[in-house]
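The values are calculated or read from the model by the stated rules, or taken from the named source; none is laboratory data. Just so we're clear, the structure is a prediction, and the values are computed from it rather than from any experiment. Cβ coordinates were reconstructed from backbone atoms using ideal geometry, including for glycine residues, and neighbour counts include every protein chain displayed.
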Amino acid sequence: MSNSVAKTTKSRNYKVASIPADGFGPEVVSAAIEVVQKLAEISKTFTIEFQHIPWGTAYYKQHGKYVEDNVLEVLRRYNAILFGSVGATDVPDHISLWGLLLAIRGPLQLYANVRPVRTFPGTLSRLRDTKSGAPDIDWVLVRENTEGEYSGHGGRSHRGQKWEVATEVAIFTYVGIERIMRFAFSVAQARPKKLLTVVTKSNSMRNGMVLWDGVALEVSRDFPDVKWDKMLVDAMTVRMVNSPGSLDTIVGTNLHMDILSDLAAALAGSLGIALSSNLDPTRKNPSLFEPVHGSAFDITGKGVANPVATIWSTAEMLGWLGEGEAKDTLMQAIENVCNAGVLTADLGGTANTKEVTQAICEELEKLGTRK
């Protein structure tokens, strides 16, 4: 008998919190988990245990709150968080959003919201429809995720009176701006074009946004190989439509990028492919990955939701966890399925949620056998 011992690949194990929450969140999260488990089964290099957490509007109606009191302690037990959507027709949006998603993002300091956008092969998109020869979109949008216009500062007085007053205070700090700028410049530096556009509105917002511009200039000196420019947010909407090839990496405030990222997804095809990674670049806390299409009550329960945004979110999650090869394989599977025409209605197809999910699983099996 030979004394040699066969080498074995040690499987890496991850524990992920699954928070499907509201609307068709449970449908798309379930689809994404099915795909990731199929990928793990094929790769045999990692395993993921998804643990369901029942926070959401149903939990709120039963307990009077969207999350447990020890929400941060609970989430810090996991390597990552997969989120569905939050919101209900019978609960005001500011209560549901601040009760659940924003109760996680800020306290966990998930300050870098990364929203990649691309035009998938075989899909319909607004820019392709124009027949203008515009290049397909391949952007990364970086959103400051913990301060700015969504800081939660402000208040209301004289409620119910004709002279009621409400204030919403946008908070900009040097620390908050510098860290998101360094993150954005680093993202741009790692991409082939090495191009960053800083979105601003400093012509009329003369305090916070002027600080924003100043810090961007200061940070840029540490990235001499990155070409960057500055764009007022209103002019940016026009540039995204008329000159998409002039853009690559984009950074902006909480409010500005919330809006522009929806425009970007619509230009690329649909909100059904819009995703985001809510990252803590220090890695002290688990990062959260989610689609950003909302609860979509008009199609909830009909089995026609586009699962691509959530599945793409899990690909980004795998990359963040260090499973770069698995991420690349999953993205290739998504592209191949889109190119084959297995698409939901929002992308110009006739497939339902289950059919798209199954097609991606089958494509993963094909890709696995080719290795």
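Within segment 176-223, the only residue that satisfies the criterion of being over 18 Å from residue 281 (Cα atoms), among the small types (Gly, Ala, Ser) and in contact (Cβ under 8 Å) with a residue 60 or more places away in the chain is 208. Against the test of being within 24 Å of residue 261 (Cβ to Cβ) and at pLDDT below 90, the options 146, 119, 123 yield a single qualifying residue, 123.
In segment 216-256, of all residues being touching a Gly at 6+ places or on another chain (Cβ under 9 Å) and in a helix (DSSP H, G or I), the one that is nearest to residue 148 (Cα to Cα) corresponds to 254. Residues of segment 232-247 that are of a type in the set (Gly, Ala, Ser) and touching a residue at least 40 places away in the same chain (Cβ under 8 Å): 245 alone. Taking segment 283-317 as the search range and keeping residues that are more than 15 Å from residue 79 (Cβ to Cβ) and among the β-branched types (Val, Ile, Thr), which one is nearest to the chain's Cα centre (by Cα)? Only one residue tops the list, namely 292. How many residues are farther than 17 Å from residue 116 by Cα and modelled with pLDDT of 90 or more if we restrict to segment 281-297? Result for segment 281-297: 5.
Taking segment 318-357 as the range and being in contact (Cβ under 8 Å) with a residue 40 or more places away in the chain and either of a type in the set (Lys, Arg) or over 19 Å from residue 305 (Cβ atoms) (or both) as the test, the residues that pass are 318, 320, 321, 322, 323, 325, 326, 329, 335, 339, 340, 354. Pairing each residue of segment 43-68 that is assigned by TED's automatic domain parsing to the domain that holds residue 32 with any residue that is basic (Lys, Arg), provided the two are 6+ apart or on different chains, yields C-beta distances under 8 Å for 45/12; 46/12; 47/12; 48/15; 49/15; 51/15; 59/65.
Out of the residues in segment 298-315 that are at pLDDT below 95 and among the aliphatic types (A, V, I, L, M), which is surrounded by the fewest Cβ atoms within 10 Å (Cβ to Cβ)? By that ranking, first place goes to 299.
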